[in-house]
Structure formats: structure tokens, C-alpha cells
1. Tally up the residues in region 25-35 that are surrounded by 23 or more Cβ atoms within 10 Å (Cβ to Cβ) and closer than 16 Å to residue 60 by Cβ, please.
2. Can you go through 79, 25, 87 and tell me which one is touching a helix residue (DSSP H, G or I) at 6+ places or on another chain (Cβ under 9 Å) and among the polar types (S, T, N, Q)?
3. Condition (residue is of a type in the set (Phe, Trp, Tyr) and surrounded by 23 or more Cβ atoms within 10 Å (Cβ to Cβ)) applied to region 62-77: is it met by at least one residue?
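Each value in this text was obtained by applying a stated rule to the coordinates, not by laboratory testing. Nothing here was measured: the structure is a model prediction, and the numbers come from that model. Positions of Cβ are backbone-derived with ideal geometry, glycine not excepted, and every protein chain shown enters the neighbour counts.
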Amino acid sequence: MRVIAGSARGRRLAGVPGDTTRPITDRAKEALFSILGPWIEDARVLDVFGGTGAVGIEALSRGARECVFLDLAPAAIRTMRANLEVTKLARSGTVLRQDALRWLQRGPREGQSYDLIYVAPPQWKGMWRTTLEALHEHDEWLAPGGLIVVQVDPKEDGPLPGVRWEETDRRTYGGVLLRFLERAADTPLASDEGKGAAAAQPAPTASPEPSASPEPTSSERHSHGPST
């Protein structure tokens with residue numbers, strides 16, 4: 001596992017001991033950031049189930065303004081902090097030992113919103129749905145024009161909870177399914193507080209990426225929104 005591009009390009013990242021995390025594959029991560037492109041620069045990122053921190057660290061390496069990493073497992077917390085140190089990105093990353101769902105359910109403080117929220121919870125527990133429900137209840141966590149990316153195993157796929165989120169695209173890379181969600185066009189922001197960097201720049205538009213060859217899915221849409 002490595003950082004693919006940016007200031008920490010080529011740095012090796014440590015994994016979390018055991019099998020409690022599901023790190024994204026380099027192939028899927030490279031495709032994800034090929035889609036995000038320069039949109040990630042100056043973005044505020046929330047890595048909800050941080051694990052190794054690979055996604056948030058990649059974002060920081062490519063110019064994201066900051067990233068908050070959440071996890072409850074002590075081993076994951078130690079791993080993320082070590083990976084931030086080895087990549088020299090610790091000044092831009094904040095690692096919090098928190099129950100992610102409780103943290104989201106409390107709602108954001110004023111000015112606390114994120115342009116990219118990455119959700120990759122433990123497998124086979126339905127936690128991706130519970131997380132989206134928490135974000136649905138407090139959608140101020142997502143900045144105007146922001147993007148939620150959900151990483152699940154394709155076998156965990158299912159309908160979205162609530163009405164706030166619209167799936168704009170999805171891509172499958174082996175055992176990794178990435179679902180790209182934006183705030184539905186006809187759903188107003190629950191609060192006008194906490195506008196982040198993406199408020200002035202919409203989420204990236206779907207386009208084929210030359211660096212990866214995704215496995216097509218029957219429900220892929222290419223009309224708008226990001227894709228991998």
C-alpha cells in the first residue's frame with residue numbers, strides 16, 4: 001500500500017494489524033483520485049472509518065487543505081498517526097479516536113463541514129447505511145457542492161436510505177464498489193452554516209479515466225457526478 005501521487009508520492013503506508021479494517025486497493029484508490037482530479041485541492045476531507053488513513057492521506061498528498069480521520073480501534077489510531085508522520089502530512093491531519101456514528105449524530109459545530117466525506121465501514125454489518133442515515137439527519141456535515149463516497153463490497157450493495165442523497169455514479173474494482181453521492185437537487189441544505197471549499201466549486205463530473213479499466217456495472221450512470 002502506497003501513496004500514489006503528490007507530495008508524499010511513493011511512500012509506503014503501514015497496514016492495521018489483524019483483519020478488522022478494509023483498506024482500499026491501490027487500483028481503486030488511483031481510479032478514485034483520477035476522477036477527483038484537481039477538485040481535491042484545498043478541499044476539507046472527512047475520513048469516517050479511517051483504518052490505515054490511506055484515502056485521507058492520498059487527499060492531503062494531492063493538496064487537500066485538511067483531513068479529519070475517525071476510528072475507534074487503538075491499532076487504527078496508531079497506524080494512522082504513524083502513516084501521517086512517515087508522509088510528513090501530520091500537520092494537515094487530525095486523528096480522533098471516536099465512535100464515528102455517535103460523532104456524526106451529534107451534528108457539526110458552526111463552520112464544521114467537509115467537501116469530501118469518505119465512508120468505508122467494517123464489512124457485513126450494514127454500517128454504511130447507518131452512516132448515511134446519520135449524515136441524512138445532519139446533512140450540514142457535507143459542504144454545499146460536496147461529495148460523499150461510499151466504499152463497500154459489491155455484495156453489500158443496496159438502496160440508499162433517506163431522500164437527501166442522489167447516487168450520481170458507481171464503479172466496481174474487483175471486491176471494491178465505490179458509490180458517489182451528492183445532495184439531491186431538490187433537497188435544501190438543512191442549515192446554511194459551515195460552507196467549505198467545495199461551495200465555490202461543484203463536485204467533479206464523470207468522465208472515463210485512462211489510468212484504470214473499471215468493471216462495468218448494470219447501473220452505471222455517466223450523465224453527471226463523479227465516477228471511478
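1. Final tally of qualifying residues: 2.
2. 87
3. Yes: one or more hits.
Residue-by-condition table, conditions (1) exposed (fewer than 15 other Cβ atoms within 10 Å of the Cβ); (2) touching a residue at least 40 places away in the same chain (Cβ under 8 Å); (3) over 15 Å from residue 46 (Cα atoms):
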| position | (1), (2), (3) |
| --- | --- |
| 93 | no, yes, no |
| 103 | no, no, no |
| 111 | yes, yes, no |
| 116 | no, yes, no |
| 120 | no, yes, no |
| 124 | yes, no, yes |
| 134 | no, no, no |
| 147 | no, yes, no |
| 156 | no, no, yes |
